[in-house]
1. If you go through the range 40-67 one residue at a time, how many are more than 14 Å from Arg22 (Cα to Cα) and acidic (Asp, Glu)?
2. Taking Gly77 as the residue in question, decide whether it is at negative phi and among the small types (Gly, Ala, Ser).
3. Yes or no: Arg7 closer than 26 Å to Pro81 by Cβ and of a type in the set (D, E, K, R)?
4. Within the range 16-32, can one find any residue that is surrounded by 12 or more Cβ atoms within 10 Å (Cβ to Cβ), in contact (Cβ under 8 Å) with a residue 24 or more places away in the chain, part of a loop (DSSP other than H, G, I, E, B) and of a type in the set (Gly, Ala, Ser)?
5. In this structure, does Thr34 turn out to be in contact with a Gly (Cβ under 6 Å, 6 or more places away or on another chain) and of a type in the set (Val, Ile, Thr)?
6. Only one of Gly47, Gly53 is part of a loop (DSSP other than H, G, I, E, B), of a type outside the set (A, V, I, L, M) and in contact with a strand residue (DSSP E or B) (Cβ under 6 Å, 6 or more places away or on another chain). Can you tell me which?
7. Would you call Val78 in a loop (DSSP other than H, G, I, E, B) and either β-branched (Val, Ile, Thr) or exposed (fewer than 15 other Cβ atoms within 10 Å of the Cβ) (or both)?
8. What pairs come out if I take residues in the range 76-90 that are without any contact (Cβ under 8 Å) to a residue 40 or more places away in the chain and pair them with residues that are of a type in the set (Val, Ile, Thr) whose C-beta lies under 8 Å away, six or more apart or interchain?
Amino acid sequence: MAKGRPRPKVKKSPQRTCVGCREVKSKWDLVRITRTPEGAVEIDPTGKLAGRGAYVCPSRECLDLAAKGKRLDKALGVTVPDAVIEKLAESLVRHERP
């Protein structure tokens with residue numbers, strides 16, 4: 001084996017799967033939805049809230065796919081009411097990236 005300078009370590013971005021479209025993307029390109037220990041379902045802007053989490057692309061289409069197919073319910077381990085989905089959709093608009 002050739003000796004030389006050590007290679008610089010390449011920092012890898014954590015990968016997550018969108019529960020809506022099922023695409024694997026960087027954790028930083030997705031929005032985390034969390035079921036808190038109290039049972040509330042909300043967007044986790046920091047990605048560090050305690051509780052069970054699921055990731056979706058920052059688009060209404062992916063959130064609708066996740067809700068329609070009950071994938072979000074399964075990922076969070078709780079039935080998410082339509083009213084909460086609408087509230088999440090409104091919050092998601094603020095998190096959309098161009």
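1. 2
2. Criteria not met by Gly77.
3. no
4. Taking every residue of the range 16-32 in turn, at least one turns out to be surrounded by 12 or more Cβ atoms within 10 Å (Cβ to Cβ), in contact (Cβ under 8 Å) with a residue 24 or more places away in the chain, part of a loop (DSSP other than H, G, I, E, B) and of a type in the set (Gly, Ala, Ser).
5. yes
6. Gly47
7. When the stated conditions are applied, Val78 passes them.
8. Val80/Val41
Quick note: the coordinates plus some simple rules give every number you see, no bench work behind them. Owing to the predicted nature of the structure, the values given are computational and were not obtained by experimental measurement. Neighbour counts run over all protein chains shown; Cβ positions are idealised from the backbone, glycine included.
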